[in-house]
Amino acid sequence: MLGELAAKFTEIGQPGFRARQLLDWVYRKRARSFAAMSDLPAALRTILAERFTLGSIETVRRLGSDDTTQKYLFRLPDSQLIETVLIPASPALYGEASDRRTLCISTQVGCAYGCKFCASGLDGWKRNLRAGEIIEQILRVEESCGEKVNNLVFMGMGEPLANYEQLLRAIGIINAPWGIGLGARHITVSTSGLAPQIRQLADQPLQIRLAISLHGATDPVRTQIMPVNRKYPLAILLDACRYYHARKKQKLTFEYILIDRVNDTEEQAVALAGIAADLDAKVNLIPYNTVEGLTWTRPPLARQQAFQGVLRSRGVQSTLRREKGHDIAAACGQLRRQTMTAPVA
Ligand code: SAH
Ligand code: SF4
């Protein structure tokens, strides 16, 4: 952060304003080396280059899909792999005509929560990402595609709220005018439902948007899909959501993957409509993407539409996500697994 960096500079006998210059090079001018920072004294550039590294993640693969979704696989300094997905325009996601460039970023290597539909948790949790590793995903993608990302979703690999401290640190920098300068309303954190951290997030000042991975509208169905529901059952989760809604006065989003004959019944649709209406939330319906090694499938289109019809008839705002990136294994964690099991030259 700016203040911390200024203090570090003062410690090594440099004026505090050098911190701002350095951040300007990193975030505005996107310098890739200390040597390029021409308005810093040469001696300081040498010291910085000796003590620090600029940039720690390396692009391993970049896959483009027919519908222009781009998927990036990055290698971290300890050789772990993470995924980042760029979705150029996502009216299907947000229900409006837009020139949004949405970036979906990861917060952990693997995931400890083991949701039954998700590739990210299949090999368990490896480690939390550091704030720098979270932010660098944005820098590397913008550098590669030559455009600014204007919408950020924490829906990649990992449970963001289980890496709360580094997540908030990263968001602080992403939001700061001296950092990436992206407004909090353009940042969405998605969670599998860690109720205490949802309350914590509600109590911090930024107007970050919150999405809840619901995927089941009653406890038995949700527990079958998401083991975290045992720890934070619906009543506790929805209480925390109510608290967030009251504090932030913003609409929450429920994500709901449609899985054939698991959570796509009329009974679930009615229960989901009740939950969403109670919280004045909107619903994103997402047809399940088949994951290698998992048996579930998506319902036929007619069944997806019937499910949405129930929400609509009860006045709940919803979108049914159009296919995006299916051909490049865009559901989080899939590309990493493919690469781990069949390394590319
Ligand atoms: N851990 C957080 C953030 C990860 S993103 C969370 O669970 O919310 C999780 C989202 O990725 C899910 O809500 C879903 O929208 C998407 N996703 C993961 N696996 C999927 C699959 N097999 N098919 C479709 N969407 C999937
Ligand atoms: Fe983890 Fe989210 Fe995947 Fe569940 S859906 S295993 S919480 S990344």
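The values are calculated or read from the model by the stated rules, or taken from the named source; none is laboratory data. The model shown is predicted, which means the values in this text are computed figures rather than measured ones. Note that we place each Cβ from the backbone using ideal geometry, even for glycine, and neighbour counts take in every protein chain shown. Remember, those area values only see protein heavy atoms, side chains included, never the ligands or the DNA or RNA. Shrake-Rupley method; radii C 1.70, N 1.55, O 1.52, S 1.80 Å.
With respect to the conditions (1) within 16 Å of ligand 1 (Cβ to nearest atom); (2) at pLDDT below 95; (3) of a type outside the set (D, E, K, R), Asn128 lacks only one, and its number is (2). Looking across Ala271, Ala281, one residue alone is farther than 30 Å from Thr84 by Cα and modelled with pLDDT of 95 or more. It is Ala271. Considering every residue within the stretch 193-215, establish whether at least one is over 18 Å from the mean Cα position of the chain (by Cα) and closer than 21 Å to Ala269 by Cα. No: zero hits. Taken over the stretch 35-54, the criterion of being loosely packed, with under 15 Cβ neighbours inside 10 Å, under 29 Å from Asp78 (Cβ atoms) and of a type outside the set (Val, Ile, Thr) is satisfied by Ala35, Ala36, Ala49, Glu50, Arg51, Phe52. Among the residues of the stretch 198-248, just one is over 13 Å from Ile275 (Cα atoms) and of a type in the set (Asp, Glu), namely Asp203. For first residues located in the stretch 244-258 and part of a strand (DSSP E or B), partners that are among the charged types (D, E, K, R) and lie 6+ apart or on another chain with Cβ distances below 7 Å form the pairs Thr253/Lys282; Leu258/Asp264; Leu258/Arg298. All of (1) over 24 Å from Gly64 (Cβ atoms); (2) more than 13 Å from ligand 1 (Cβ to nearest atom); (3) crowded, with 21+ Cβ neighbours inside 10 Å hold for Ile135 with one exception: (1). Return the residues of the stretch 176-189 that are over 15 Å from the mean Cα position of the chain (by Cα) and not β-branched (Val, Ile, Thr); say none if nothing qualifies. Matches in the stretch 176-189: Ala176, Pro177, Trp178, Gly179, Gly181, Gly183. The residue that is farthest from the chain's Cα centre (by Cα), among those in the stretch 257-294 that are away from ligand 2 (no atom under 16 Å from the Cβ) and polar (S, T, N, Q), is Thr265. Search the stretch 299-328 for residues being modelled with pLDDT of 95 or more and part of a loop (DSSP other than H, G, I, E, B), and hand back the single one that is farthest from Ala246 (Cα to Cα). Per the stated criteria, the residue is Pro300. Among the residues of the stretch 176-189, at least one is within 12 Å of ligand 2 (Cβ to nearest atom), in the same structural domain as Val291 (by TED's automatic domain parsing) and either closer than 22 Å to Leu279 by Cβ or open to solvent by less than 20 Å² (accessible area, probe 1.4 Å) (or both).
Residues in the stretch 190-234 that are free of Cβ contacts under 8 Å to residues at least 60 places away in the same chain, polar (S, T, N, Q) and open to solvent by less than 20 Å² (accessible area, probe 1.4 Å) were compared, and the one that is nearest to ligand 1 (Cβ to nearest atom) is Thr191. The conditions of being open to solvent by 30 Å² or more (accessible area, probe 1.4 Å) and part of a helix (DSSP H, G or I) are met by Gly3.
All of (1) in contact with a Ser or Thr (Cβ under 9 Å, 6 or more places away or on another chain); (2) within 12 Å of ligand 2 (Cβ to nearest atom) hold for Leu167 with one exception: (2).
Scanning the stretch 115-124 for residues that are more than 11 Å from ligand 1 (Cβ to nearest atom) and either free of Cβ contacts under 8 Å to residues at least 60 places away in the same chain or out of contact with any strand residue (DSSP E or B) (no Cβ under 9 Å at 6 or more places or on another chain) (or both) turns up just one, Gly124. For the stretch 140-157, check the following and say yes or no: at least one residue is within 13 Å of ligand 2 (Cβ to nearest atom), closer than 19 Å to Phe74 by Cα and of a type in the set (S, T, N, Q). Within the stretch 140-157, not a single residue is within 13 Å of ligand 2 (Cβ to nearest atom), closer than 19 Å to Phe74 by Cα and of a type in the set (S, T, N, Q).
Is there a residue in the stretch 96-105 that is within 16 Å of ligand 2 (Cβ to nearest atom), modelled with pLDDT under 90 and within 23 Å of Leu63 (Cα to Cα)? Checking the stretch 96-105: not a single residue is within 16 Å of ligand 2 (Cβ to nearest atom), modelled with pLDDT under 90 and within 23 Å of Leu63 (Cα to Cα).
From the residues in the stretch 235-292 that are β-branched (Val, Ile, Thr) and under 22 Å from Asp203 (Cβ atoms), which one is least open to solvent (accessible area, probe 1.4 Å)? Applying the filter and picking the extreme gives Thr253.
When Leu86 is tested against (1) under 20 Å from Arg61 (Cβ atoms); (2) modelled with pLDDT of 95 or more; (3) not in a loop (DSSP other than H, G, I, E, B), only condition (2) is not met.
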